[in-house]
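K.L.:
Handing you a structure now.
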Amino acid sequence: MQLARVLGSVVATEKARGLEGVRFLVIQPLDKSQQPRGGTVVAADAVHMAGPGELVYYVSSREAAEALPVRFVPVDHAIVGIVDDVHLGVDS
Amino acid sequence: MVGKVVGTVVSTINIPLLDEHRLLLCDVHDIDGRPDGYTIAIDVVDAGMGDTVLILDEGNSARQILGRDWGAIRAVVVGVVDELVIDGELRSAS
């Protein structure tokens, strides 16, 4: 799982079967110091509560689809939690 | 893979599967012990800050460890490394 910041949302009425009711958000992956790393990606919101500006963590690859109610849907990033706090040690 | 626990992630809103687990922020190390990215992993061994750990990053194995048939989990801290020796050279010791 990796950290990301939610930048915005994606609205799509026509979607692949199994994706009905799934929200999609544009997220910016972050490094551990919460600085942007790489390009933005679209992720399904498995917690149904993430919104723009929030710090979240997401899972990629096959496991992303397992976060959603219908399994084996074509999704490769899913937000699985909203971050309250990140505690980093002094030497990191 | 081998990594080092450098932090913790606190989260109250998450998928139900993650409710009962601690999340550790771990640097992932390359063969020479240099940080090579990071991952947020579920802790099942009570690893602590600064520990060198063994991280599993594969979904089916992760679900097997947690005794589940399905779920969005992939990275799990599965061991605390006591000693790491590469080419006869001690790279890490607790």
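Bear in mind these aren't lab numbers, they're just calculated from the coordinates by the rules spelled out. Keep in mind it's a predicted model, so treat the numbers as computed, not measured. Cβ atoms come from the backbone with ideal geometry, glycine included; neighbour counts cover every protein chain shown.
K.L.:
How large is log10 of I(q)/I(0) for the protein assembly as shown at q = 0.10, 0.11, 0.13 Å⁻¹ when the intensity is taken from the Debye formula with one equal scatterer per alpha-carbon?
P.N.:
The calculated log intensity ratios at q = 0.10, 0.11, 0.13 Å⁻¹ are -0.40, -0.48, -0.66.
K.L.:
Given the options A:46, A:67, A:12, identify the residue whose Cα lies farthest towards the positive end of the charge dipole of region A:8-92 (+1 on Cβ of Lys, Arg; -1 on Cβ of Asp, Glu).
P.N.:
A:12
K.L.:
Return the loop-located GluC sites (Glu not before Pro) in chain B (DSSP other than H, G, I, E, B) with at most 12 other Cβ atoms within 10 Å of their own Cβ; answer none if there are none.
P.N.:
When the GluC sites (Glu not before Pro) of chain B are filtered for loop state and at most 12 Cβ neighbours within 10 Å, B:20 remain.
K.L.:
Sorting A:26, A:59 on the 10 Å Cβ count, fewest up front, what's the list?
P.N.:
By the 10 Å Cβ count, ascending, the order reads A:26, A:59.
K.L.:
With r as the distance between the Cβ atoms of residue B:60 and residue A:11 and R0 = 30 Å, compute the FRET efficiency 1/(1 + (r/R0)^6) and round to 0.05.
P.N.:
The formula returns an efficiency of 0.35 here.
K.L.:
Oh, and also: Springs between alpha-carbon pairs under 10 angstrom, Gaussian network model over chain B: which of B:44, B:76, B:28 fluctuates most?
P.N.:
Maximum among the listed residues: B:44.
K.L.:
Which whole-Hz ³J(HN,Hα) couplings does region B:7-18 yield from phi under the Karplus relation 6.51 cos²θ - 1.76 cosθ + 1.60, θ = phi - 60°, glycine and proline marked x?
P.N.:
x, 10, 10, 9, 8, 9, 9, 7, 5, x, 4, 8
K.L.:
Could you tally the net charge around residue B:26, taking each other residue with its Cβ under 11 Å from the Cβ of residue B:26, Lys/Arg +1 and Asp/Glu -1?
P.N.:
With Lys, Arg at +1 and Asp, Glu at -1, the neighbours total -2.
K.L.:
Here's another thing I want to ask about it. Could you tell me the center-to-center distance, by alpha carbons, between region B:1-44 and region A:56-75 in angstrom?
P.N.:
First find each Cα centre; the distance between them is then 19 Å.
K.L.:
Here's another thing I want to ask about it. If you take every residue apart from residue B:13 with its C-beta less than 12 Å away from the C-beta of residue B:13, what net charge results, scoring Lys and Arg +1 and Asp and Glu -1?
P.N.:
Residues near residue B:13 contribute -4 overall.
K.L.:
Among all stretches of chain A without exposed GluC sites (Glu not before Pro) (DSSP loop, at most 13 other Cβ atoms within 10 Å), which one is longest?
P.N.:
The longest uninterrupted stretch comes out as A:21-92.
K.L.:
Net charge near residue B:85, counting Lys/Arg +1 and Asp/Glu -1 over other residues with Cβ under 15 Å of its Cβ?
P.N.:
-4
K.L.:
So, one more: Taking springs between alpha-carbon atoms closer than 10 angstrom, which of B:54, B:66, B:24 fluctuates most in the Gaussian network model of chain B?
P.N.:
Between B:54, B:66, B:24, it is B:66 that shows the largest mean-square fluctuation.
K.L.:
Quick query: amide H of residue B:44 versus all other amide H atoms, modeled in the peptide plane; which residues come in under 5 Å with a sequence gap of 5 or more or a different chain?
P.N.:
Under 5 Å from the amide H of residue B:44 lie the amide H atoms of B:77, each far enough along the sequence or on another chain.
K.L.:
Mind checking chain A for chymotrypsin sites (Phe, Trp or Tyr not before Pro) that DSSP puts in a loop (not H, G, I, E or B) and that have at most 14 other Cβ atoms within 10 Å?
P.N.:
A:72
K.L.:
Non-local amide H neighbours of residue B:36 (under 5 Å, H modeled in plane, Pro and chain starts lacking H): which ones?
P.N.:
Answer set, sorted by chain and number: B:28, B:29, B:30.
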